[in-house]
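First up is the structure itself, then whatever we jot down about it.
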Amino acid sequence: MRSHLNQHIILRTAWLYGIHGHNFVKTMLKLGKEKKIIKVVADQYGCPTSADDLAEAVLTIADKIRNGLKIKWGTYHYCGQGITTWHKFAETIFEISREYDSMEISKVEPVTTAEYPTKAKRPAFSALDCSLIYKNFGISAKPWQESLKRTIRALKKL
């Protein structure tokens, strides 16, 4: 808890994906092999974030702490560079994946949040301002499209 510990780093992120665990990228790749048409929400905006990129940011911060550098403690945001929708994210996943594999999917149909209800309420805009982590740690995010290519390439090698 922040109130009990003056020296802390809290790192917030969004739309996290990687080669391990369940995530949007792996779900789309699975559906892309099984279905011709899928519906994906097109009115929610955010910044896809690679778990590898997030880990690199955490290690950069840890290294600065370990080396005794003066740290501005607090809460920071880190996510992939660039804002997109779930729909565009899905289309990009399939575009990249086709370079490595054949896909059954022929259309990603855009739908509204209201047309695709879920148990968890999702904000319409969840992009994070990452300027503070850059200012205080020199950490800049990679474009989400580049990180997505790297992740899909790694998934295809598994």
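We did not get these values from a lab; they are worked out from the coordinates using the rules stated. Every value quoted in this text rests on a predicted model; they were computed, and no experiment measured them. Please note: Cβ atoms are built from the backbone with ideal geometry, for glycine as well, and neighbour counts cover all protein chains shown.
Structure summary
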| read-out | value |
| --- | --- |
| Eligible aspartates and glutamates near K39 by straight Cα distance, threshold 20 Å, same-chain separation 8 or greater | E91, E95, E104, E109, E115 |
| Mean Cβ neighbour count within 10 Å, used as a protection proxy, ranking 2-9, 48-55 highest first | 48-55, 2-9 |
| Where no second cysteine Cβ lies under 4.7 Å, the cysteines concerned in the chain | C130 |
| Partners for K72 among lysines (Cα-Cα distance below 26 Å; same-chain residues under 8 apart left out) | K64, K135, K142 |
| Over the chain, volume per residue of the alpha carbon convex hull, in Å³ | 131 |
| Per-residue HN-Hα couplings for the range 65-71 [Karplus 6.51, -1.76, 1.60; θ = phi - 60°; Hz; x = Gly/Pro] | 5, 4, 7, x, 6, 5, 10 |
| Relative contact order for the chain, counting Cα pairs under 8 Å that sit 6 or more residues apart, in percent | 36 |
| Residue order, fewest to most surrounding Cβ atoms within 10 angstrom, among L11, L69, L148 | L69, L11, L148 |
| Amide H partners (placed H, <5 Å) of Q81, local residues excluded | K142, W144 |
| Inter-label distance for H20 and Y134, nm, one decimal - labels placed 7 Å from Cα along Cα-to-Cβ | 2.9 |
| Under 5 Å, built H, 5+ apart or other chain: amide partners of T113 | A42, D43 |
| FRET efficiency, F125 to D52 (Cβ-Cβ, R0 25 Å, nearest 0.05) | 0.50 |
| Chain lengthening between T112 and K88 when straightened (0.36 nm per residue, less Cα-Cα) | 7.3 nm |
| Karplus (6.51, -1.76, 1.60) ³J(HN,Hα), θ = phi - 60°, over the range 90-102, in Hz, Gly and Pro reported as x | 4, 4, 5, 4, 5, 4, 5, 4, 5, 5, 10, 7, 7 |
